[in-house]
Amino acid sequence: MFVLFLVPIVVLFGLGFLNPLWWVAAAALLFGANRYGRDRGGGWIRGDGSDHRGYRDYQARWDRQDRWDRRYSRQNRARWRREERRDHERRG
C-alpha cells in the first residue's frame with residue numbers, strides 16, 4: 001500500500017520541475033493520504049507504531065478497567081452476598 005501512494009507522489013514531485021502545478025497535485029495527494037490514514041487509526045505515513053494507536057489501546061484498557069471496577073465494587077459484592085444468603089434461606 002505504501003508503494004501505491006509513494007510512486008505517484010514522487011512522479012508528481014518530479015514533474016513539478018516542469019510545471020509547479022504538479023507540486024500542488026503531489027501535495028494534495030500527500031495530504032489526502034495522510035488524512036485517510038488518520039481517519040482509519042493510523043496510516044502508511046504514521047506507521048504501525050503510531051502514538052495515536054497507543055493512546056487508543058490505553059483508553060480501551062482504561063475503559064475496561066473502569067467497567068470492571070464498577071461491576072465488582074464492594075457494594076456489588078455485598079449485594080451479591082445478600083442475594084446469595086436469601087437464596088440459600090429460601091432453599092433451606
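Scan the range 76-88 and report the pairs whose first residue is without any contact (Cβ under 8 Å) to a residue 40 or more places away in the chain and whose second residue is of a type in the set (Lys, Arg) and surrounded by 10 or more Cβ atoms within 10 Å (Cβ to Cβ), with Cβ atoms within less than 9 Å and a gap of 6+ or a chain change. Sorted first by the residue in the range 76-88, then by its partner, the pairs are Asn76/Arg70.
So that you can scan it fast, the table gives a plain yes or no per residue for (1) open to solvent by 50 Å² or more (accessible area, probe 1.4 Å); (2) modelled with pLDDT under 80; (3) not hydroxyl-bearing (Ser, Thr, Tyr):
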residue	(1), (2), (3)
Phe2	yes, yes, yes
Val7	yes, yes, yes
Gly14	no, no, yes
Phe17	yes, no, yes
Ala26	no, no, yes
Leu29	yes, no, yes
Ala33	no, yes, yes
Arg38	yes, yes, yes
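Inspect the range 67-78 for any residue being on the phi < 0 side of the Ramachandran plot, in a helix (DSSP H, G or I) and at pLDDT 85 or above and give the result as yes or no. Within the range 67-78, one or more residues are on the phi < 0 side of the Ramachandran plot, in a helix (DSSP H, G or I) and at pLDDT 85 or above.
The values are calculated or read from the model by the stated rules, or taken from the named source; none is laboratory data. On a predicted model such as this, the values are computed, not experimentally measured, just so you know. Cβ sites come from the backbone with ideal geometry, for glycine too, and all protein chains shown count toward neighbours. Side chains are part of the model used for accessible areas, which takes the heavy atoms of the whole protein and leaves out ligands, DNA and RNA. Shrake-Rupley method; radii C 1.70, N 1.55, O 1.52, S 1.80 Å.
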